[in-house]
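Data block below; observations after.
What follows draws every value from the coordinates through simple rules; no lab data is involved. Everything numeric in this text was worked out from a predicted model, so none of it was measured. Using ideal geometry, Cβ is built from the backbone for each residue, glycine included, and neighbour counts are taken over all protein chains shown.
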Amino acid sequence: MRTEHKAPVIGESLYLWAGNQIDLPADHDSLQKRELTSTVDVYQLSTADWSSHLTRGTPPLGVAGYSCTTSHSNIYYFGGWCGHDDCYHNTLNVLNTIKMQWTLCSNAEQLLMKKGYAGMVLLEFDAAEYLVIIGGYGSAPTVYHPQFQYDQLNDGRVHTNEQLLYNVSTKQFIVPSVSGQCCLPTDTFIIEKITTAGNRGIMFGGLVTVNDHETAVTNSVYIFSVTHNIINWEILKPGAIPSEGLWPVERCDHASAIINGDYTSPTLVVIGGRDNKNQLVNECLLFDSITTGQCSCRKIPLPESVTGRYSHSLTAVTMSPHCVWLVILGGFEKFEWEKVRGRVKPIVTFITDSNRLIMIIELIYSEAGEWIVQAVLDGNNLTSKNYQEKYQSYSKTRTWWMEQLIEYPTEKEMKLQRYIQSLHQELQVAHQSKVSLQEALVEANKQVKGNDSNDIMGSVLEEMRQEQEKLIEEKQIITEDYEKLKLKVADMEEKEEQYLKEKQIIIEKDKVIAKLTSQAEEQSQNEKHIITDLKKKELYIAKLVKERQERVLKQPIKETSSIGLQFNYLIPSMEKLDCLSDVQVAERKLFLIQGDKPQLMNWEKYGLRIGVQEASLSCTDTVEAAVVALVGGQFQFPPNTVLVSAVYAVSLSKPLLKRLILEIQHCVALTGRPALSRHLKFAIAPVSIPSLPYQFSIVEGGEFKPDSWYGSIQRKEFCLVAIVGEKHLPKLLTDGDESEEEEEEEQEEQAEEETEEEVEDGNSDSSSDSDKTKDPPGGSSGGQGESTSNEGLEEEEETGGQSLHEEGNEEQDNERVEESNDHEEPQHEEGTAPIPCTDSSSDFNSKVVVSTGIVENMAYAGLVYYEEKRAEDLVTFAAAKDLSALLEFIKKDCPHAERGQNILFRFKDYHGYIELKFDAPQKKSFTGWNIEPHMDSCKFLRCDVDKFGEATYPLPSICLISVYASPGAVPSLHYSVPLDGVADPKTLFIHRSLRTTPPPPSTVQGTSSSSSTASISQTRRETEEGTFRSDIAHRVMTEYTSLIKNCGIDIYFLVDKLLEHNIINAREKREITDGYTKHTASERIDELLHIISSSISMDGEVFGIFLDVLREEGTRRTIKLADKLIEKYKSI
């Protein structure tokens, strides 16, 4: 019964040394412990039985949690736990399995900390073999290397990600440098070499440091490579490994092995382990294609008798080119906490079932191209005749390539090993006989009394002398034989060393040949793929060119379709946008700009069109344009402005000869209000900044047509781009309408003059590097003009410039304008006085602040979704600015929901709100139907709707409504819900059909249209025992936000408690507590309180949990705050 051990394979034998055992003495070094550690148990696969072998030399003292790997016939052991207290070791020892002899390679006391539960793997690079040692925990080190972390845990031990290289040839340790995203301090993980002859490895799972002094289970997957004493790290993120289910769960104390088939790439097998709740992870994972960059993960079914264990060993033995045996050995089967003498201690249970102590899983490579389970053999199966027949069948069909992978000892070496073993056994018997005689002498001395004692003692001594003479003679014979044997061994070692050198030279040559062959094959394969891709691309481009030529013959205006590609691979133009942080991404897109013709890249689904002018490239060039649509983030816009568009980031793989024309969608209705266009501005911010937030500034130029929802601007240097509107306009008290009209006329005349000058100059591109952007040809900021695309760009000098989209796109804009006009109130003309506003600002002292009309004419959209939740239907109403990027972001958040009615609306008042009225009279009967909103008052404040996308408002404003039918309800529901607070009357309709599932108990039922007002229950007026109303609780949390922030509660304690109650998940916990996010403490608590408030608005029970957490913190401030919150709740 072993745990925390390794069982490496050499030839057809598994070598099991030490490990955590039930009878392991809790001593640093004793005779009993030496007897255990001086023995190696060997399992022969050919006979399926164990044999014990004594070893020579001094075995290591780190008996559990050691690191282990093999090289030829040698097994290397590093570090480990001593078996008592907090005693750990840092020695590197090697066991020669031919001589069964221990050798101390090096004592790394000055370089490496004493530790256990680390990882060690043998890699080959720079024409040499190296041991790579990573991570672990143990005693405080004597030397701290600055490139690594050393975290002291609460129990006094030190957790580290320290890494070291050991050159097997020179027997020297090297402290490497690290690059990339290095692993965190980790222990009890798995590490394997993933190339048969190379420098790469994989690391998965384990315990990592959290909160500086604690550990938590992880599911991180790292790929690392070593070259020139530099270890480069790469972490695989969720999504990088396609899997049948979700990302692999967190685990530690698991076991792994690498499968190297004849026709397959290396495959990682992971079995068992513990999760973050100390429960068994009953599964087996296969990571395929880990060396090709297309890694995938899947589960294979295995019985719980195999997977239900941790701290065990797993060894892969190749039986044929298409068959691998996985040998699983030992481990714990249970972990629990028990109270012992007033202290909580972990209690572990060894696997004692003889059928489970050692098991073999037979994997075969199927014709479908994947590894599958052929058989599972337990203890009974291994002693059966069928096992022997199975083994013999594989043994007869093995080919010569197996001999290259496995080094078998010669018959002479085996005979010598057996002879040495017999000599050691005879010496041990002689030693035991001597001890027995001494004990007998002492016992006889105690029992002898009287005058006969001398006679008896003399007799005993005479017998002892005779026995001792025999022992001396036997020892002399053994010594002589041993001396002769030493000479033979020395001679054999010299010959063996020469043989190994010659063999190593041959192996190195074979490796070089194999590597060159592999590189040649890989290069050939890559060239074939490239040629195939180029042919496909050429055919596709030829098709596009042909279609374009046909369109040219049919119409004077032509548009070249761009090639849109989804980029889930690394591209130069997208690398420039990787620095974006703390932003909400709606979608990403990659376009290709080809040739010297004008092009239009249409991405209206996310509110963007990009125009490429003629001669922006040479006819043979291709440029990648990467675009990211953002719905929010840590943005700061100029004062007195409101964001009226999404934010876009555009990057090119290389510069163009002419400016790009960006057309960005906004949500301001300009139809009938051309004067509003002068209050729309383009704003830009740099993509790469030293610290957040992104600071936007107004940029000159741009065109906003009164009959379109798009504004256009030309850009040469790229950054974050958006459209903002001026909210307030300072106006002197003495100014009148006439002065404003005169000012407008002067501006229009000036714009016309500028337009004429630009038309005369043609489409000349400015070479200035300033951020100020000129207006597009033929227009000025806020001006009106015609538009064209493709061919129209070629005719700019004659027409003065036109917009980029064709008639089809104009019709879409006009349809949207007409839809907006259907619900608009009569508006003031261009010369009408601005709308007065009651807001005041320090920037406008001594002036009356009036509204520009931008805010009042912003368009909003309401979206309705239906989801079936058991017996009820859950209706979701979401409100946001009428921007395609925002609406697509909301739609993606409800991918499986049924789409319902969508409406466009405007708020009636500047600081107004809209409210869903559920008590309106109904025209159709809704008998038996129940409509129950989740909020007492379904109001949407304009300020809350506008905040969607800000750093603290990642979710849109929504209202949830439960709809279900009682027995006997009318077959269909057509329930009207008017919107109050909108500029024009709007009504939502809830459409549902009767379902067969019986509804839950209801408090309100409809009877007829005449009694609808009294029959609709919006929210329960009285709470049940122990529950809270979500609307009241949310209100309390909002009013007491400042007190909560200053109550002094420990944020890490609060986060742990919220995670325990599933109010937040592990990802949200990392985002709040991770020190690498550079968030201040105030920003962290703000983000956490926003999550709590949002959760309370959906589930009142969260409010009660939050009160319990405050009281559990135990300070007078938090307890008093909890009392205040509940008092406020009861008073509302």
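Over region 859-1015, Cα pairs under 8 Å with separation of 6+ residues give a relative contact order of 30 percent. Given their separation in residues at 0.36 nm each and the Cα-Cα distance between them, Lys503 and Asp212 gain 99.8 nm when the chain is fully extended. Give me the net charge of Asn167's neighbourhood, meaning all other residues with Cβ under 13 Å from the Cβ of Asn167; Lys, Arg count +1, Asp, Glu -1. Around Asn167, the surrounding residues sum to -2.
In loop segments of region 244-320 as defined by DSSP, the GluC sites (Glu not before Pro) with at most 12 further C-beta atoms inside 10 Å of their C-beta are Glu244. Loop-resident trypsin sites (Lys or Arg not before Pro) (DSSP state other than H, G, I, E or B) in region 101-185 with no more than 12 further Cβ atoms inside 10 Å of their Cβ: Lys171.
Checking the Cα-Cα distances for Lys339/Lys1124; Lys99/Lys503; Lys1069/Lys1120; Lys33/Lys475 against a 28 Å cut-off, the pairs over it are Lys339/Lys1124. Sort out for me the Cα centre separation of region 943-977 from region 331-374, rounded to whole Å. Computed from Cα coordinates, the inter-centre distance equals 48 Å.
The trypsin sites (Lys or Arg not before Pro) found in region 263-362 that occupy coil by DSSP, while having at most 16 further C-beta atoms within 10 Å, are Lys277, Arg341. The spacing between region 93-152 and region 883-942, judged by their C-alpha centroids, is 63 Å. In terms of distances greater than 19 angstrom between alpha carbons, the cross-link table entries Lys681/Lys705; Lys869/Lys923; Lys605/Lys658; Lys681/Lys892 yield Lys869/Lys923; Lys605/Lys658; Lys681/Lys892.
The residues neighbouring Ala127, those whose beta-carbon lies less than 15 Å from its own, together hold a net charge of -1 under the Lys/Arg +1, Asp/Glu -1 convention. In a fully extended conformation the segment linking Thr1115 and Thr70 would gain 370.6 nm over its present Cα-Cα distance, using 0.36 nm per residue. Each of Asp481 and Arg870 was given a label point 7 Å from its Cα along the Cα-to-Cβ line. The distance between the two points is 8.0 nm.
The Cα atoms of region 859-1015 define a convex hull whose projected area, averaged across directions, is 9.4 nm². With the largest listed first and rounded to whole Å, the semi-axes of the equivalent ellipsoid of region 106-179 from the Cα gyration tensor are 23, 12, 11. In this calculation the C-beta distance from Val344 to Glu950 is compared with R0 = 60 Å, giving a FRET efficiency of 0.85.
Less than 11 Å Cβ to Cβ from Glu726, Lys/Arg counted +1 and Asp/Glu -1: what total charge do the surrounding residues give?
Once positives and negatives cancel, what remains is +3.
Here Lys528 is the anchor, and the lysines within straight C-alpha reach of less than 21 Å, apart from those fewer than 8 places off in the same chain, are Lys515, Lys536, Lys537. For region 36-101, the equivalent ellipsoid built from the Cα gyration tensor has semi-axes of 23, 14, 11 Å, listed from largest to smallest. Reducing region 1045-1062 and region 1-76 to their Cα centroids gives an inter-centroid distance of 46 Å. Taking all Cα pairs closer than 8 Å and separated by 6 or more residues, the relative contact order of region 1-142 comes to 18 percent. Rounded to the nearest 0.05, the FRET efficiency derived from the C-beta distance between Lys299 and Ala368 at R0 = 22 Å is 0.85. Of the peptides 321-329, 494-502, the order by per-residue mean of other Cβ atoms within 10 Å, starting with the highest, comes out as 321-329, 494-502. Length available on full extension from Ser459 to Ser395: 0.36 nm per residue minus the Cα-Cα distance, which gives 16.9 nm. Legend: residue pairs Lys727/Lys881; Lys543/Lys654; Lys193/Lys277; Lys171/Lys193, Cα-Cα distance threshold 18 Å; pairs beyond threshold, Lys543/Lys654; Lys193/Lys277; Lys171/Lys193. For region 1030-1131, the dipole from Cβ point charges (+1 on Lys and Arg, -1 on Asp and Glu) about the Cα centre works out to 320 debye, to the nearest 20. Rounded to the nearest whole angstrom, the semi-axes of the ellipsoid equivalent to region 1030-1131, taken from the Cα gyration tensor as √(5λ), stand at 21, 15, 12, largest first. For the pair Arg995 and Leu31, a Förster radius of 51 Å applied to the C-beta separation gives a FRET efficiency near 0.10, rounded to the nearest 0.05.
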